[in-house]
Structure formats: C-alpha cells, structure tokens
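Written out below as structure tokens is the structure these notes cover.
The values are calculated or read from the model by the stated rules, or taken from the named source; none is laboratory data. Just so it is clear, the structure is predicted and the values come from calculations on it, not from any experiment. FYI the Cβ positions are ideal-geometry reconstructions off the backbone, even for glycines, and counts take in every protein chain you see. Just so you know, the surface numbers come from the protein's heavy atoms only, side chains and all, with ligands and any DNA or RNA stripped out. Shrake-Rupley method; radii C 1.70, N 1.55, O 1.52, S 1.80 Å.
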Amino acid sequence: MLITEQQLLQIFPNAGHRAGFFVPALNAAMGRFGITSPVRVAAFLAQVGHESAHLTRLVENLNYSACGLAATWPSRYRGAGGKPNVLALSLARHAEAIANNTYANRNGNGDESSGDGWRFRGRGLLQITGRRNYRTVGDSLGLPLEIEPELLEQPEHAASSSAWWWAAHGLNSLADRGEFVAITRRINGGMNGQVERMALWERAKRVLS
C-alpha cells in the first residue's frame, strides 16, 4: 500500500512540511522491503515516528545534562547515591565528547580519541549507530556510509536504511502477529517511550484502516 501526505500528517501532526519530503521516500523504502500491508505500515510508522520525533530529528541528540547521562547510562555515569559521577559532570552538555566517550570501542568504533562515536552517532529514522552498523547498512544499500555517514540525514536514505533494518531483523513477521511490544524491544533494547509508540500505533491503524 502507498501512503499519502495527508495520512502521514494525520499520524505525525508535528511533521509539518517534512511530510511532503518523506512520503515518496517512505513509500519507496517500504515497498522495497516488504512493508506493504496496513498492519506492517502502521507498526513501522509508529516506531520510526517515535525514534525520529515525527520525522523532525534524523541525527541523535546527545546534548545530555549530567543527570541525564546518569539516568541513561547508569553503569558508566552514575556515582554513589545515584548522583552523576565525575565523568558525567565533566562531559555534560558537550555532545561530541559524550558521543566519543559513550560509543568508544562499541559496534566497530575505535577508541575515544578516534572520533568514531561522534562520526557514527545515531542517524536515520531508526538511528543507525556505530561504524559496523553503518558499514553493514551501506553494503546492503550500496551506499558509502563509512565515508559519508551524513547520507543517512537525507530523507531517501533515512527511510531506506530504516526499512532495511526493519526487514533484516524480522520485524515484518512481528507486525503481522501484532507483537508490538516485541518490536519495541528489538529496536530499543527495552521499553523506552512505549507510551508514545503505542499511541502512534493506534493512530496509524485508525488512519490506514
């Protein structure tokens, strides 16, 4: 099925003019990767809508306060009594430094000094993160993402990378079975933002029915 700009704005009322840019990109990406039934499209749009703040954020926001760091990555940034540790206090509000510290030596990234954490921070509608994942997605889509990671900030590639990831991780089958909680866990690793994800899912199902 193809979605219209009007439908997309009903699902993502905060998208504004971005809806027009994303309709052709989403339709092409969803068609390419089998996200073609109303149940699959509704689940996919709900998840990418949450992850991208209604299509308005295609790059990970790492502008954390010290308390935000401690709450998000407690094993790394929380000290005694649940308060931010010295490292969190030193990194607070320095997005590039936070990315390089948090993502060092993970997902194919180099150490903190390599700058890979910042270079390969989350991008696209489902926030592809880490050098290894950029390489895998790039190889699958024929894009030089290790050389030009910013390509994932373009609607076409933001949509295609996310649809590829969705299909590659078996989320079409979960959507067919209505296992929305399992989809969230596979994307997020937990249940962060589930209230909004569920609200978007219900809205998308109504709009697309």
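So in the range 62-72, with the set limited to residues that are farther than 16 Å from GLY193 by Cα and out of contact with any Gly (no Cβ under 8 Å at 6 or more places or on another chain), which one is surrounded by the most Cβ atoms within 10 Å (Cβ to Cβ)? Here the residue is LEU69. Restricted to the range 84-198, the set of helices (runs of 4 or more DSSP H) holding at least 2 residues that are among the hydrophobic types (A, V, I, L, M, F, W, C) comprises 86-91, 95-102, 131-141, 155-168, 171-176, 180-188.
So which residues in the range 3-16 are open to solvent by less than 40 Å² (accessible area, probe 1.4 Å) and of a type in the set (Val, Ile, Thr), if there are any at all? Result: ILE3, ILE11. Each residue in the range 17-37 was checked for being touching a residue at least 40 places away in the same chain (Cβ under 8 Å) and open to solvent by less than 70 Å² (accessible area, probe 1.4 Å), and 10 of them qualify.
For the range 45-61, filtering for residues that are buried (at least 24 other Cβ atoms within 10 Å of the Cβ) and more than 15 Å from LEU9 (Cα to Cα) leaves 1. For the range 104-126, which positions are among the aromatic types (Phe, Trp, Tyr) and open to solvent by 30 Å² or more (accessible area, probe 1.4 Å)? Answer for the range 104-126, where residues must be among the aromatic types (Phe, Trp, Tyr) and open to solvent by 30 Å² or more (accessible area, probe 1.4 Å): just TRP118. Among the numbered conditions (1) more than 18 Å from the chain's Cα centre (by Cα); (2) modelled with pLDDT under 95, the only one that GLY193 does not meet is (1). When we screen ASN101, ASN85 for residues that are open to solvent by less than 60 Å² (accessible area, probe 1.4 Å), farther than 28 Å from ARG135 by Cα and among the polar types (S, T, N, Q), the only hit is ASN85.
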